[in-house]
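What follows is a single structure, written as structure tokens, with notes after it.
Read-outs throughout are calculated quantities, based only on the coordinates presented, and are distinct from any laboratory measurement. Given the structure is predicted, the values throughout are model-derived calculations rather than measurements. Here the Cβ positions follow ideal geometry from the backbone for every residue, glycine too, while neighbour counts run over all protein chains shown.
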Amino acid sequence: MKAIVLMKQTPDTAQLSASMDGLKLMAEGGPRIVNPWDEYAIETGLALAEDHGGEAVLLTMGKPESTEAIKTGLAMGCKGATLLTDDAFENSDSLATARILTAAIRQQGDYDIILAGKSAIDGDTAQTAVQVAALLGIPYLGYVAKIEAVDFDAKTITVVRAIDSGRETVTSSLPAVVSVLKEIGEPRYPSFMGIRKAAKAKIPEMGLADLGLSADEVGAAGSNVQWTQVTLPPAQETQLELIEGEPEEAAKILVQKLLAEKVI
Amino acid sequence: MANIWTLVEHRDGAADSISWETLAMARKLADKSGGSVTAVVLGDGVSELAQTAFHYGADSALVVDDPALKDYRLETYGAALAELASARTPDILLMGASDKGREISPFVAAKLGVGLASDALDMDLDGDSLIVTRPVLVGNLIAKITFSDAKPQMASLRRRVFPALEPDTARSGDVETVSVTLPETKTAVTGFEVAEGEVSLNDASIIVSGGRGVGGPEGFPTVKALADVLGGALGASRAAVDAGWIPYSHQVGQTGKTVQPDLYIACGISGAIQHLAGMKTSKVIVAINKDPEAPIFKYAKYGIVGDLFKYVPALTEEFKKELGK
Ligand SMILES: Cc1cc2nc3c(=O)[nH]c(=O)nc-3n(C[C@H](O)[C@H](O)[C@H](O)COP(=O)(O)OP(=O)(O)OC[C@H]3O[C@@H](n4cnc5c(N)ncnc54)[C@H](O)[C@@H]3O)c2cc1C
Ligand SMILES: Nc1ncnc2c1ncn2[C@@H]1O[C@H](COP(=O)(O)O)[C@@H](O)[C@H]1O
């Protein structure tokens, strides 16, 4: 069994504070991390490899410093990784990113499943993994809370999707792109041995030419959307009104205020 | 003159309210540019949804009625919409940022090779070109997205940020029924379990949430009683979820759900930046917390400094009386 885990390195939003706003964090915000949602994808790949034999490998498109996050994934137990990096990839939108990832996946030989996170916490688009599936022409299973059954010989998988209206069970052929939710299971911590091994790992890189892509398919040139302006959210102009008094009295006042707000 | 399409979303023929919010947004854009709005209805036995779409502001409707579209599946719905959009090239193609819309839209955008902005908070036009405002970095930044000339320009609209129009039953329009070639499917829906007895956080116009201040699983019924009397959904902070007091599906915040109800009542929640990321754009926020310095009060319109176990039951009782329950 071979699982390819799509993993992105992102800023660490746990560092947001009064003195570190979103703009600062994006520009200079200290150490980058494995996109938190992708940790669940890594965990899923490792659990499948344990249960069925085989391996999970990482595929990342990003700047050269993404090797840091890749090493975390290797330390967790992934058996290999490829970093897709090139100046030409900068400012790729989700579809250009999907093109780059797809070109690399096509060069990886046989694979059984592609795993992805729910979204990347920087761009927050939740588009890339669907687009990889669309470009590869294989099924996409989103919002996966549980893998109910998988048979890599018969090439089938049954998953539970946690969607707005309830829980849907879907059976699909493999290979497929599976995007997992937090419910799939808590990600393991990197092991001590894993960290030591990952520290020494040499991570293969591929660029535009290696992937057989042309410059106008990727980066800003190959993208159909641009972020033309990024700002902090408008300051909330709420004036707090404290409701005082004993519970019964305060409840009466607050209920009247809320009824007057017409929010009930 | 932007020619705008919107997808009408439904489950077994029951429309999802996000469809009408998206239609209202499309109407706003079309009116600004002197253009038109076409509602796209995909499903099995769902053609009457086209009439409802006219009441909510559509000028015309495109209907694909096909037994193969009975169950929603990305591969069939995505292929149907991609085929229609590729044959007729609307200028703009919109849908709701629901669970379905957030997977159909990137699928179609990939098949057509066009741009997409998901989870829009607002949309506008520059000439006939779409501009989308959307949150990035889990709501800690707002980005303005512009598009290349590739058509259609696509976006999905977040729930509850733009009101639907009042339905006007006198409105009507032309319905065109078309057929499309659907692909052989590789997926099958084999089971469905409705989220029962609970108001979903996604749709809720009122949410009452509990945090670490609730003290344990035995504290949550107090919070839930208030949610129930208001017909609202029950939310929670990550601290309460991580402690195992309440399932993850209730978590609001950066690593939980992003919600935007009319009323959000936070009980025993401090207001950490990651919790705020999921709820701070709620219309009216009420905070009940015994610590007057809790950051949540900076975002609240109304606050009570005190013990939630005294004040929450009092509120529940008072609402019962006022709402005649
Ligand atoms: C990467 C990352 C992602 C995260 N994602 C999320 C997320 O999605 N959602 C989320 O909520 N958090 C998230 N967190 C956690 C977040 O930082 C906070 O730790 C969490 O929100 C705190 O929950 P709380 O407010 O319930 O608890 P606390 O911060 O402990 O606050 C409890 C509050 O209850 C009050 N209180 C206690 N007893 C009573 C009483 N009897 N009556 C009234 N008030 C009382 C206290 O005064 C206090 O203000 C995330 C953190 C990280 C690092
Ligand atoms: N640059 C990238 N490299 C590898 N995987 C990515 C990249 N961007 C997105 N993904 C995958 O696609 C998912 C959705 O990302 P996004 O569309 O950016 O929100 C992520 O959780 C990852 O699994």
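Give me a single rounded figure for A:239-247: the average over its residues of other chain Cβ atoms within 10 Å of their Cβ.
6
Find how many whole Å separate the alpha carbon centroid of the range A:140-173 from the alpha carbon centroid of the range B:98-141.
26
In what sequence, highest mean first, do A:173-180, B:131-138 appear when ranked by Cβ atoms within 10 angstrom?
Top to bottom by mean Cβ count within 10 Å: A:173-180, B:131-138.
On the first, second and third principal axes, largest extent first, how far apart are the outermost C-alpha atoms of chain B in Å?
Cα spread of chain B along its principal axes, largest to smallest: 61, 42, 41 Å.
Quick one: pull the percentage of alpha-carbon pairs in the range B:174-325 with a separation above 29 Å.
Tail of the P(r) past 29 Å holds 24 percent of the pairs.
Go through A:32-38, A:48-54 and give me the packing order, highest mean Cβ count within 10 Å leading.
Highest mean packing first, the order is A:32-38, A:48-54.
Other chains' Cβ within 10 Å of A:86-98 residues: what's the mean?
2
Could you sort the peptides A:3-11, A:87-95, A:195-203 by per-residue average Cβ neighbour count (10 Å cutoff), highest mean leading?
Answer by packing, highest mean first, reads A:3-11, A:87-95, A:195-203.
Quote the charge dipole size of the range B:3-177 about the Cα centre in Debye, to the nearest 20; the model charges only the Cβ of Lys and Arg (+1) and of Asp and Glu (-1).
540
Counting every Cα pair in the range A:135-224, what percent are over 20 Å apart?
62
From Cα pairs below 8 angstrom and at least 6 apart in sequence, can you work out the relative contact order of the range B:177-312, rounded to a whole percent?
21
For the range B:3-177, take every pair of Cα atoms, bin their distances at 10 Å starting from 0, and report each bin as a whole percent.
Values per bin, smallest distances first: 11, 43, 37, 9, 0.
Using all alpha carbons of the range B:248-290, what is the percent of pairwise distances in each 5 Å bin, ordered from the shortest bin to the longest?
6, 25, 32, 29, 7, 1
What are the extents of the Cα atoms of the range B:57-156 along their three principal axes, in Å, largest first?
Principal extents (Cα only, largest first): 43, 30, 29 Å.
Please report, largest first and rounded to whole Å, the three semi-axes of the ellipsoid equivalent to the range A:108-264, where each semi-axis is the square root of five times an eigenvalue of the C-alpha gyration tensor.
44, 25, 20
Need one word for the range A:195-235: rounded, prolate or oblate. Basis is the Cα gyration tensor (sqrt eigenvalues a ≥ b ≥ c); a/c below 1.5 gives rounded, then a/b vs b/c decides.
Because a/c hits 1.5 or more and a/b fails to exceed b/c, the range A:195-235 counts as oblate.
I'm a student and want to see the number: the projected area of the Cα convex hull of the protein assembly as shown, averaged over all directions, in nm².
The orientation-averaged projected area of the Cα hull of the protein assembly as shown comes to 26.6 nm².
Once the Cα atoms of the range B:62-101 are picked out, what are the Rg and Dmax in Å?
Values for the range B:62-101 (Cα only, Rg and Dmax): 10.8, 29 Å.
Quick one: angle between helix A:94-106 and the longest Cα principal axis of chain A, in degrees between 0 and 90, rounded to 10, please.
30
To the nearest 20 debye, what is the magnitude of the charge dipole of the range A:134-264 about its Cα centre, counting +1 on the Cβ of each Lys and Arg and -1 on the Cβ of each Asp and Glu?
That gives the range A:134-264 a dipole magnitude of about 740 debye.
How many Cβ atoms of partner chains, on average, are near each residue of B:115-127 if near means within 10 Å of its Cβ?
3
Which log10 I(q)/I(0) values does the range B:117-256 give at q = 0.11, 0.13, 0.16 Å⁻¹ under the Debye formula, counting every alpha carbon as one identical point scatterer?
Scattering profile of the range B:117-256, log10 relative to I(0): -0.73, -0.93, -1.09.
Is the shape of the range B:153-221 best called rounded, prolate or oblate, per the rule: a/c under 1.5 gives rounded, else a/b larger than b/c gives prolate, else oblate, with a ≥ b ≥ c the square roots of the Cα gyration tensor eigenvalues?
It comes out oblate by the Cα gyration axes.
Any idea which of A:Ala120, A:Pro31, A:Gly54 is furthest toward the positive side of the dipole for chain A, if Lys and Arg beta-carbons carry +1 and Asp and Glu beta-carbons -1?
The one lying farthest along the dipole's positive direction is A:Gly54.
Hey, what angle do you get for helix B:308-322 against the long axis of chain B, alpha-carbon based, 0 to 90 degrees rounded to 10?
For B:308-322 against chain B, the angle is about 60 degrees.
Relative to the Cα centre, what is the charge dipole magnitude of the protein assembly as shown, using +1 at the beta carbon of each Lys and Arg, -1 at the beta carbon of each Asp and Glu, and rounding to the nearest 20 debye?
980
Return the ratio Rg/(2.2 N^0.38 Å) for the range A:37-85, where Rg is computed over Cα atoms only.
Rg over 2.2 N^0.38 Å, computed on Cα atoms: 1.11.
Please express the shape of the range A:2-222 as an equivalent ellipsoid: the semi-axes are the square roots of 5 times the eigenvalues of the C-alpha gyration tensor, given largest first in whole angstrom.
25, 21, 19
Bin all alpha-carbon pair distances of the range B:224-314 at 5 Å intervals from 0 and give each bin's fraction as a whole percent.
Whole-percent P(r) values from 0 Å outward: 3, 15, 25, 29, 22, 7, 0.
Suppose a student asked you for the relative contact order of chain A, using Cα pairs under 8 Å spaced at least 6 residues apart; what percent would you report?
Answer for chain A is 23 percent.
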